[in-house]
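S.K.: Quick one: the structure is below, and I'll ask about it shortly.
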Amino acid sequence: MKKLFLLAASLAFPMLTWASEADLKIPDLTSQQNHLLVWGFIICILGLVFGLYQFLKVKKLNAHKSMLDVSSVIFETCKTYLLQQGKFLIWLFLIIAACVTFYFGFLQDKGFGGVALILTWTVIGILGSYGVAWFGIRMNTLANSRMAFASLERKPLKLLNIPLHAGMSIGVVLVCVELIMMLIILMLMPRALAGACFIGFAIGESLGASALRIAGGIFTKIADIGSDLMKVVFKIGEDDPRNPGVIADCTGDNAGDSVGPTADGFETYGVTGVALVSFIVLAVGSLSGNKFLANPDWQATFLTWIFAMRILMIITSVVSFWINGALNKVLYSQKEDLDFEKPLTNLVWITSILSIIVTFAASYFLVGPASNVGAINPNLWVVLSVIISCGTLGGALIPEFTKLFTSPKSSHVQEVVKSSNEGGASLTILSGFVAGNFSAFWMGLVFVLLMLIAYLASTFGLDQFMVYSSIFAFGLVAFGLLGMGPVTIAVDSYGPVTDNAQSVYELSLIEDVPNVAEEIEKDFGFKPDFEKAKHFLEANDGAGNTFKATAKPVLIGTAVVGATTMIFSLILVIKNVLGVAPETILNILNPWTILGFLCGGAVIYWFTGASTQAVTTGAYRAVEYIKRNINLDPGAEKKASVAKSKEVVKICTQYAQHGMWNIFPAVFCFALAFAFISGTESSGSGQFAAASFFVSYLIAIAVFGLYQAVFMANAGGCWDNAKKVVEVDLKAKGTPLHDATIVGDTVGDPFKDTSSVAMNPIIKFTTLFGLLAMEIAISEAFRPVAPYVGGVFLVVALYFVWRSFYKMRIK
């Protein structure tokens, strides 16, 4: 299978010599602009110091040895998984490296040094995604044992702070590392190669995030389902140490809910930035008749403004974190119980409001009346601020809409619980489907409203500075959604820590340690409350589930909204190479447009099925192994068997890898196939109606992917927290009601943590790689054979689609 994929990929590489991509020429910055951005390096370094401080602060917290031992085992299994994923990334890099080498070396004649530099940035992009994933997993596996132990103190505020501090450490480090890399490209790379370095960097991080997100999503849900179903089969407790699936589940929580989102966030932040940089370089200027004239001075101003906004958002996130911390101390320090969702909600809104204020203030100084662009349109700073603020406001509104369908207190979650009580698992599943569908409707309207406001704002003079100004506005909405990046990642990372902490508590068997209460009182200075500790951990896990759910629509939204900006580059190439006005072919009266939409929808539904099939088969094997090897004899040792747990981890890793080797080649070949088919010329007449096929395909995977991802993510979140309500609020573990909600949760597992979340990097990778493939297809020399070669790649893609079910079936 690997050989077939590599052979198919190798067929594409020589074709890269036919391509003719528009060269991204990054303008020179003024000394004042360079000086301003140097402060960006300083702020990013301070951000890294902040992240390290939070890391050490969490690491220094006390924890009982029994809990530290469990945490260490979880981290070791996580290391094994990540090292295996690293090997897989090497294979993928070799394929992409060949593309980059042929394209920039042979076509654009960048020379050995130029190609080596671009490849270096591709590697840096991959290592960036991979590196922040390592940091995230290390941070979370330190925080889980500290939080588990802190639950014994009866101090709920401490249980809030530990995962939140860990999350902010990850979020700030992630954004600062990303921004440092992009600033180095912008300011220090040779002008002739800076644009290519941006593209190489974006492809690298997108490749890394795609692999880690898809494989992590498959891994975590195999382990989760295998572990959860034992509660129904054997009527054992949550995270029973005798269940070999529990440690694998903890590893999966980190592989899927820490590694995946961290790499995804890093890639999303970078690719959206590269898309905007590309747009500014290609579209900022003026029209002279029908000819576009780039304006380097305007481009430099817009680039400086974009990067300054990103730098300032680091400051607003950290300051908001401090403000929220002080507020929490005043409101909750004396409380013996706590609604953990409220402080997290406050943090999101404080960050959003502060970011909007800073956006307007900074824009006035950077692109206001005193600037070279402000002199032409004095209100430009207001226009740009309003557009970005649509995204920033969306970063707070989207979580609120998500909570309507996933919070334990929401009407939809309560509806699932009520229907489960009388109708069992059948009505559990149906009620969750209802929640997911309604959430997709309302979330879609939120995106429509935000993008409509951005479009209307762009009509107030933005077209004086660029072509396709509405596309730039949509890109800025995605940019604004990521303006709260450190906080978005922080509340997302909150979930895996709370989930793992609950498991660490049970696996440690701390209540069975002889004289443990006296030991803790003597060594740590407080008397432990075991019953209250379990209540706090379960309640906080519900809040973690909710905020994991809130981050998913934000990330998928940036992929969809940002994709419109990346597709602009493709439209510009079609215009320049084929000499046709895009609006003459990119319309619904063109049959190729409709066909592209249908293919995009088809691929999204195949991807959903293929990723879920990998989970289903892997979970079957995990359940089979666990049922045969679990030892529930009364006299058996209660402590978890590391050897049996590693075997479950091995099963999860194996099927995650198998799933990836079916899914990724198909995605790769579909992009080439549909792009090449788009190179079809109508009987040599010079009519290129088929060129709209691939553009509409990219738009379709974005739109279909948005609704499919939101539906699945929120349905899964609803089922997850319905189970949590039964466990925490109703205290009904072990009942038929609990069994029904467990079944619902296992259905929701691949919904929310496998298929839905992986669509984000898949959309961005397909768009980035597809731009290159389309340029090959429409080049004059390759155009006559393009549809035939496309047909070959379509056959290869369909073969892997066939494999994704028939070679992954349960045997």
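S.K.: Using only the alpha carbons of region 108-177, what is the convex hull's orientation-averaged projected area in square nanometres?
M.R.: Taking a quarter of the hull surface, the average projection is 5.4 nm².
S.K.: In Å and whole numbers, how far do the C-alpha atoms of region 254-373 stretch along each principal axis, longest first?
M.R.: Over region 254-373, Cα extents along the principal axes are 70, 40, 18 Å.
S.K.: Tell me which residues come under 5 Å, amide H to amide H, from LEU730 once H is placed; ignore anything under 5 positions away on its chain.
M.R.: For LEU730, whose amide H was placed from the backbone, there are no distant partners under 5 Å.
S.K.: Here's another thing I want to ask about it. Please give, to one decimal in nm, the separation of the simple spin-label points placed at LYS342 and LEU48, each 7 Å out from Cα toward the Cβ.
M.R.: The two pseudo-label positions are separated by 4.0 nm.
S.K.: In addition: Would you kindly enumerate the cysteines in the chain that have no other Cys beta-carbon under 4.7 Å from their beta-carbon?
M.R.: Lone cysteines by the Cβ rule: CYS78, CYS99, CYS197, CYS250, CYS390, CYS599, CYS652, CYS669, CYS718.
S.K.: Let's test the formula: R0 of 56 Å, r as the Cβ-Cβ distance of GLU637 and THR459. What FRET efficiency results, to the nearest 0.05?
M.R.: The formula returns an efficiency of 0.20 here.
S.K.: Which pairs break 22 Å Cα to Cα here: LYS57/LYS155; LYS87/LYS627; LYS60/LYS552; LYS418/LYS534?
M.R.: Pairs exceeding 22 Å: LYS87/LYS627; LYS60/LYS552; LYS418/LYS534.
S.K.: Further question: Is region 299-435 best put as rounded, prolate or oblate by its Cα gyration tensor, with a ≥ b ≥ c the root eigenvalues, rounded for a/c under 1.5, and otherwise prolate when a/b is larger than b/c, oblate when not?
M.R.: Oblate, since a/c reaches 1.5 and b/c is not below a/b.
S.K.: Starting with the fewest neighbours, write out HIS35, HIS165 ranked by other beta-carbon atoms found within 10 Å of each beta-carbon.
M.R.: Starting with the residue having the fewest Cβ neighbours, the order is HIS35, HIS165.
S.K.: On a full-extension model of 0.36 nm per residue, what is the gain between TRP322 and THR735, subtracting their alpha-carbon distance, rounded to one decimal in nm?
M.R.: Extending this stretch completely gives an extra 144.4 nm.
S.K.: Right, another one. Please compute the modelled spin-label separation between PHE805 and VAL330, points set 7 Å along Cα→Cβ, answer in nm with one decimal.
M.R.: Here the modelled spin labels are 5.9 nm apart.
S.K.: Can you bin every Cα-Cα distance in the chain into 20 Å intervals starting at zero and give me the percent of pairs per bin, rounded to whole numbers?
M.R.: Over the chain, the share of Cα pairs per 20 Å bin runs 17, 51, 28, 4, 0 percent.
S.K.: What FRET efficiency comes out for the pair THR80/ILE180, r = Cβ-Cβ distance, R0 = 25 Å, nearest 0.05?
M.R.: Computed FRET efficiency for THR80 and ILE180 comes out at 0.25.
S.K.: Okay, next question. Checking the table LYS59/LYS329; LYS158/LYS548; LYS646/LYS723; LYS231/LYS752 against a 25 Å threshold on Cα-Cα, which pairs fail?
M.R.: Going by Cα-Cα distance, LYS646/LYS723 fall outside the 25 Å limit.
S.K.: Could you work out, for region 454-598, what percent of all Cα-Cα pairs fall into each 10 Å distance bin, beginning at 0 Å and stopping at the bin that holds the largest distance?
M.R.: The distribution over region 454-598 is 9, 22, 21, 15, 12, 10, 8, 4, 0, given as percents.
S.K.: On to the next question. Over the C-alpha atoms of region 572-618, what are the Rg and the largest Cα-to-Cα span, Dmax, in Å?
M.R.: So, for region 572-618, Rg and Dmax equal 16.9, 51 Å respectively.
S.K.: Using 0.36 nm per residue of separation minus the Cα-Cα distance, give me the extension gain between LYS575 and ILE353 in nm, one decimal.
M.R.: My answer for the length gained is 75.9 nm.
S.K.: Across every pair of different alpha-carbon atoms, what Kirkwood hydrodynamic radius in Å does region 626-732 reach?
M.R.: Kirkwood radius, region 626-732: 19.6 Å.
S.K.: If you build the Cα gyration tensor of region 523-608 and take the root of 5 times each eigenvalue, what three semi-axes come out, in whole angstrom, biggest first?
M.R.: Equivalent-ellipsoid dimensions as semi-axes: 53, 16, 9 Å.
S.K.: Ok, one more. Starting from the 7 Å offset along Cα-to-Cβ, what nm value, one decimal, do you get for the label separation of ASN372 and ASP512?
M.R.: So the two model labels end up 7.2 nm from each other.
S.K.: Where the centre of each part is set by its Cα atoms, how far does region 199-259 sit from region 454-496, in angstrom?
M.R.: Using only Cα atoms to place each centre, the spacing works out to 31 Å.
S.K.: Still on this structure, please answer the following. If R0 is 56 Å, what FRET efficiency do you get for GLU521 and HIS35 from their C-beta distance, rounded to 0.05?
M.R.: According to the calculation, E is roughly 0.45.
FYI, it's all coordinate maths here, none of it is from the lab. Values in this document were obtained by computation on a predicted structure and should not be read as measured data. Glycine also receives a Cβ, built like all others from the backbone with ideal geometry; neighbour counts cover every protein chain displayed.
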